[in-house]
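Taking it in order: structure first as structure tokens, then the write-up.
The values are calculated or read from the model by the stated rules, or taken from the named source; none is laboratory data. In this text, all values refer to a predicted model and were calculated from it rather than measured experimentally. No Cβ is skipped: glycine too gets one built from the backbone with ideal geometry, and neighbour counts run over all protein chains shown. Quick note on the areas: whole protein, heavy atoms, side chains included, nothing else; ligands and nucleic acids left out. Shrake-Rupley method; radii C 1.70, N 1.55, O 1.52, S 1.80 Å.
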Amino acid sequence: MLDKTAENGEFKVIGTRPERPDGVDKVTGRARFGADMVMPGMLIGKVLRSPHAHANIKSIDTSAAEALEGVKAVITAADFTADVPEAEYDTMVNCIAHGKALYDGHGVAAVAATSRSIANKALKLIKVEYEVLPHVTDVEEACKDDAPLLHDNIFTEGLEETPTTPSNISGRVQFGHGDVDEGFAAADKVVERKFRTEATHQGYIEPHACVGNLSPDGTGELWCCTQGHFMVRNSCAAILGLDISRLRVTASEIGGGFGGKTTIFIEPLALALSRKAGRPVKLVMSRDEVFRATGPTSSASMWIKIGAKNDGTITAMEGLLKYQGGAFKGSWVSLGCMTAFACYRADHMKTVGYDVLVNRPRAAAYRAPGAPMAAFAVESVVTELAGELGRDPLEFRLQNAAKEGDQSSYGPKHRAHGLMETLEQAKAHDHYNAPLGPNQGRGVACGFWFNFGGQTSTSLNIGADGTVNVSVGTVDVGGSRASMCLMVAEELGVPYEKVRCVVADTSSLGHNDITDGSRTTFSSGMALILSARDAKQKLCARAAKIWEIPEDAVEWVDGHARPAGPNAGEFDPMSLAEVAGKAETTGGPIAGHHECNARGAGVSFATHMVDTEVDPETGRVTVLRYTVFQDAGKAIHPAYVEGQFQGGAVQGIGWAINEEYIYGEDGRLQNAGFLDYRIPVASDLPMIDTVIIETPNKGHPYGVRGVGETSIVPPMAAIANSVSAAAGVRLTELPMSPPRVLKAMDDAKA
Amino acid sequence: MRFEAPTTVEDAVSLLAAESGMARVLAGGTDLLVQMKSGISEPDLVVDIKRIAALHEISEEDGGFRIGAAVPGIALGEHAGVKAAWPGVVEGTELIGSTQVQGRATMVGNLCNCSPAADSVPAMAAAGAIARVVGPNGSRDVPVEDIAQGPGKSTLAKGELVDSVLLPARPDHASDAYLRFIPRTEMDIAVVGCGVNLVLDANGTCTDARVALGAVAARIFLVPAAADALIGTSVDDAALDAVAAACSAAATPIDDKRGTVEFRKKVSGVLARRAATIARDRAKGTA
């Protein structure tokens, strides 16, 4: 598919850095986010949440709340009577508990009232009778035979024999090739270690918010902050028993998602409240609710073993990963298993994963879900093994890096990619040879992510003045509208400023999958390029009509229709505006469309390098210098590619050093706020330097690879390697918070 | 909820004394408004003291400085006299919140919020600062370390408020310092805080000292053993080791989301040593 490259000098606007179309609105406050919508007669909704980690709900008495002046509707699980398909059932039960509260913060009931204060009073009037049950929040504890059981209808899947007793382990998966025993027998050096990581939250600044308006005739509209409004429509329609065509969902501007807004939490509640009250209902989560009830990532317990010959050849790689996904199935452990060894070539690889249920909120996707914690463990062992063999950690990785044609850890053979280039550029960078001071260390690590294509539908309309409107169905989380405009401008041969992009609602385009899997610039970009080519064909046909020559005698060059050759006739080229200006008399509006299930998403690899300093008396880690080397395929808008590289690194720094979910003995979350859930602040960070590597993806017309997720895969490992070097002791648990680092140093001295 | 903004301390006291429900004093509001928004505090009466002109003043008194209850951190940080005499108190206050928060947050509000982790209080306690408490029965002077009874709970009686804090006069060769431990670089809450105030003679021998710890007990408290370890020494390594040991021993923290007992006891000593070093160097004029 690749047909335009930088090498042949074809790009005119791709690779430039124009202002983003949503920039002015965002800096002036005009941009409308989830909580900015107001509808006439709108009520305020609030959700009552379980204070218990695990409890049977014996009864819910809503009568006193309903009797309160100003309360217009109260809902519980009993209000959800639709025959919900299995695929959406857990999502519904996660939004509102059905008979059992499964974690601290689990929604139990919701109210809609004429004011926030009345809604808050009404919540206090709802009487819930709980039977508190023993709970479990630790992934290893949950695997034990005598652990409190979350669901009596979950039996471990993926075993040779289906078990007869229910379990908190919902499934076992296995990936790999060869025979690891044979591989380890051939090794001269073997390193194996256990690792733990704590759950972290995506930490988006904008809490979940929506306004639902559902009419008695079963038609409705929903305004919400999400990464995928088509997903919201389909899920809500299923849960509420609506035709999907009757629910129109509009995505607001989004204040961050990072995967955490790829599912629903409050939207069906707002719609159910609206249906009951007959008025629009706004629901906005507090930060406390965001932490307690929306998707953090998994916590993990892992074991990794890698063997190599004295000459540095890796002979075998084996791993056991246990991820908890909260109170429901689906922890992304299989993606952890698939990605764990993806950067390497070895004849013998095996990963086994367990998907574990605990009394915590249902895990949601978080940027390359499942991969960063596995990379933390694997890349720590790779560096340690390199050290045991007396090898430079980058050299060791270069020797064993997966290349085109190699059997991958997750199934297919590798296609062309930029891993070697990231390692070579890292090795040659002045960062790698810069001197280090006392108590300082340097770490490197590699990371991989698949990237995704998926269902995509786009539309392009040409105005009478030759300006262009494009509609996509993929939410713009990281500046993608600017990239869309650049690709259309490139294809049509018009200035960037003449193209405007909107994220259209669910009634205006065919189905679009969520903005996830780093897919938007790849797949919506591909669909728009093909939409533009569709429009160009029509533009040529209109010019042919005006010139009264055959359609195939017209070509589109540099933003103009022109005769394709000397035999076509002598006509002055017509600009886009000239052809568009005559559209009314040549057949009406000119548009282009494309629908596809985009395939060919190219994988992306990265190498990260970081210097840290450890305070030997307090264990406090300071990040001194950080450089990201990542393959972008083709950087459409380099500033936003760099932004993705930097953002992934920064979130990884948070995950590595201070971020963690802390549960008390009572199973309640202890730090549901940004004071004690410590994401990095600006002054914690050095400038994150970036090196964009461009190894074109042959599956995209311009060579684009997704870049949004790979950047969070290597940071924890790179920082662990750096901190371990600085502290003089191997750190195997995240976060590497000061108490943990100090204790590790003290224990190593003792 | 009622909101009142009196223009005299007497009126503020009368309003507070007359309220039958819960009454709260509003200065900068950087604690109170957050508590109200999150539902932790639902007062029936809020008395804003920012319209009381006298409470905005920093005035010289008996060679020291009286800081009004409505003086925000940013004003304190711009006061050359206070900064020169009490750099530790000023740096403690300036650690509260962001630059925007500094425009509102007050040192006295930080004191009256009664958090064991309050950043301005260990340095004030080490300084020997005296709070002036005004109430229906007149005014009384209270050492700042006696204002808090426990987390979020003060020793003030109904109708009382702190209208100012007095930082005493300074002899020559005297200075102070405050350090806190946080995992990040700013916008965080102290895991351990330590204020050290000391006076040297012309030969560099310590003649007076006070050391206070924060965030390692239910209240901010003085560590007399640490002060004794400094007095009579040149604040050399041996003295600093003794200060560290005294502070580690005096800390009685709990295990919580912000740190372990072991970690906080150890870091209490580390910070005490570092803060004492800074205070010594400032007193000598070598900092």
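Of the strands (runs of 3 or more DSSP E) lying entirely inside region A:426-509, those containing at least 1 residues that are farther than 18 Å from A:Gln644 by Cβ and out of contact with any helix residue (DSSP H, G or I) (no Cβ under 9 Å at 6 or more places or on another chain) span A:468-472.
Restricting attention to region B:40-69 and to residues that are assigned to a loop (DSSP other than H, G, I, E, B) and among the basic types (Lys, Arg), the residue that is most open to solvent (accessible area, probe 1.4 Å) turns out to be B:Arg51.
Total residues in region A:79-99 satisfying the condition of being touching a strand residue (DSSP E or B) at 6+ places or on another chain (Cβ under 9 Å) and part of a loop (DSSP other than H, G, I, E, B): the figure is 4.
For region A:381-404, a residue qualifies if it is in a loop (DSSP other than H, G, I, E, B) and closer than 13 Å to A:Cys343 by Cα, and the qualifying residues are A:Ala402, A:Lys403, A:Glu404.
Screening region A:669-679 for residues that are under 19 Å from A:Ile653 (Cβ atoms) and more than 7 Å from chain B (Cβ to nearest Cβ) and picking the one that is least open to solvent (accessible area, probe 1.4 Å) gives A:Tyr677. I'd like to know if region A:573-583 contains one or more residues that are more than 14 Å from A:Gly466 (Cβ to Cβ) and either open to solvent by 60 Å² or more (accessible area, probe 1.4 Å) or part of a loop (DSSP other than H, G, I, E, B) (or both). So far as region A:573-583 goes, no, none of its residues is more than 14 Å from A:Gly466 (Cβ to Cβ) and either open to solvent by 60 Å² or more (accessible area, probe 1.4 Å) or part of a loop (DSSP other than H, G, I, E, B) (or both).
Taking the criterion of being touching a residue at least 12 places away in the same chain (Cβ under 8 Å), open to solvent by 10 Å² or more (accessible area, probe 1.4 Å) and in a loop (DSSP other than H, G, I, E, B), the residues of region B:178-202 that qualify are B:Glu186, B:Met187, B:Ile189, B:Asp201, B:Ala202.
Yes or no, residue by residue, for (1) open to solvent by less than 20 Å² (accessible area, probe 1.4 Å); (2) more than 21 Å from A:Val111 (Cα to Cα):
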{"position": "A:His208", "(1), (2)": "yes, no"}
{"position": "A:Gly212", "(1), (2)": "yes, no"}
{"position": "A:Glu221", "(1), (2)": "no, no"}
{"position": "A:His229", "(1), (2)": "yes, yes"}
{"position": "A:Leu242", "(1), (2)": "no, yes"}
{"position": "A:Glu267", "(1), (2)": "yes, no"}
{"position": "A:Ala272", "(1), (2)": "yes, no"}
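Among the residues of region A:169-189, none is identified as touching a Cys at 6+ places or on another chain (Cβ under 8 Å) and free of Cβ contacts under 8 Å to residues at least 12 places away in the same chain.
Across region A:478-489, the number of residues qualifying as modelled with pLDDT of 95 or more and open to solvent by 20 Å² or more (accessible area, probe 1.4 Å) comes to 1. Selection within region A:727-750: residues that are within 13 Å of chain B (Cβ to nearest Cβ) and of a type in the set (A, V, I, L, M, F, W, C). The member of this set that is farthest from A:Trp303 (Cα to Cα) is A:Ala750.
Is it true that some residue in region A:129-151 is assigned to a strand (DSSP E or B) and among the acidic types (Asp, Glu)? Yes, there is a match, as at least one residue in region A:129-151 is assigned to a strand (DSSP E or B) and among the acidic types (Asp, Glu). Can you pull out every residue in region B:1-34 that is modelled with pLDDT of 95 or more, within 20 Å of B:Ser120 (Cα to Cα) and open to solvent by 40 Å² or more (accessible area, probe 1.4 Å)? Those that are modelled with pLDDT of 95 or more, within 20 Å of B:Ser120 (Cα to Cα) and open to solvent by 40 Å² or more (accessible area, probe 1.4 Å): B:Val25, B:Thr30, B:Asp31, B:Leu33. With the structure loaded, tell me whether A:Ala119 is buried (at least 24 other Cβ atoms within 10 Å of the Cβ) and within 14 Å of another protein chain (Cβ to nearest Cβ) or whether it fails that test. In short, yes. Out of the residues in region B:21-46 meeting the condition of being in contact (Cβ under 8 Å) with a residue 24 or more places away in the chain and more than 22 Å from the chain's Cα centre (by Cα), tell me which one is nearest to the other protein chains (Cβ to nearest Cβ). The qualifying residue nearest to the other protein chains (Cβ to nearest Cβ) is B:Glu42. Residues that are over 21 Å from B:Val46 (Cα atoms), open to solvent by 20 Å² or more (accessible area, probe 1.4 Å) and within 14 Å of chain A (Cβ to nearest Cβ) do not occur anywhere in region B:138-150.
Entry remark, region A:110-152: residues being within 29 Å of the chain's Cα centre (by Cα) and among the polar types (S, T, N, Q) number 1 in total. Tell me which residues, restricted to region A:142-189, are within 26 Å of A:Thr383 (Cβ to Cβ) and in contact with a helix residue (DSSP H, G or I) (Cβ under 6 Å, 6 or more places away or on another chain). Of everything in region A:142-189, those that are within 26 Å of A:Thr383 (Cβ to Cβ) and in contact with a helix residue (DSSP H, G or I) (Cβ under 6 Å, 6 or more places away or on another chain) turn out to be A:Phe175, A:Lys189. In region B:70-154, counting only helices (runs of 4 or more DSSP H) that sit wholly within it, the ones holding 3 or more residues that are of a type in the set (A, V, I, L, M) span B:73-77, B:80-85, B:107-112, B:121-127.
Just name the residue that is farthest from the other protein chains (Cβ to nearest Cβ) out of those in region B:249-263 that are surrounded by fewer than 20 Cβ atoms within 10 Å (Cβ to Cβ) and in a helix (DSSP H, G or I).
Per the stated criteria, the residue is B:Ala249.
Remark: pairs (first residue in region A:580-606, farther than 25 Å from A:Val494 by Cα; second residue open to solvent by 50 Å² or more (accessible area, probe 1.4 Å); Cβ separation under 6 Å; 6+ apart in sequence or on different chains) = A:Asn597/A:Gln455; A:Ala601/A:Phe452.
The set of residues from region B:271-286 being among the hydrophobic types (A, V, I, L, M, F, W, C) and either in the same structural domain as B:Gly88 (by TED's automatic domain parsing) or over 20 Å from the mean Cα position of the chain (by Cα) (or both) comprises just one member, B:Ala283. A single entry from A:Thr618, A:Thr607, A:Thr612, A:Thr627 fulfils the requirement of being open to solvent by less than 40 Å² (accessible area, probe 1.4 Å), polar (S, T, N, Q), farther than 26 Å from A:Ser524 by Cβ and in contact with a His (Cβ under 7 Å, 6 or more places away or on another chain): A:Thr627.
Taken over region A:415-446, the criterion of being buried (at least 20 other Cβ atoms within 10 Å of the Cβ) and closer than 21 Å to A:Thr710 by Cα is satisfied by A:His417, A:Gly418, A:Leu419, A:Thr422, A:Leu423, A:Ala426, A:Arg442, A:Gly443, A:Val444, A:Ala445, A:Cys446. Are any of the residues in region A:690-712 within 11 Å of chain B (Cβ to nearest Cβ), in contact with a Phe, Trp or Tyr (Cβ under 8 Å, 6 or more places away or on another chain) and open to solvent by 30 Å² or more (accessible area, probe 1.4 Å)? No - not one qualifying residue is present in region A:690-712.
Could you say whether any residue in region B:215-232 is within 14 Å of chain A (Cβ to nearest Cβ) and closer than 26 Å to A:Ile657 by Cα? Looking through region B:215-232, at least one residue is within 14 Å of chain A (Cβ to nearest Cβ) and closer than 26 Å to A:Ile657 by Cα. Of B:Cys194, B:Cys206, all but one fail to be in contact with a Ser or Thr (Cβ under 8 Å, 6 or more places away or on another chain) and within 14 Å of chain A (Cβ to nearest Cβ); the exception is B:Cys194. Only a single item in (1) in a loop (DSSP other than H, G, I, E, B); (2) open to solvent by less than 10 Å² (accessible area, probe 1.4 Å) is not met by A:Asp217, and it is number (2).
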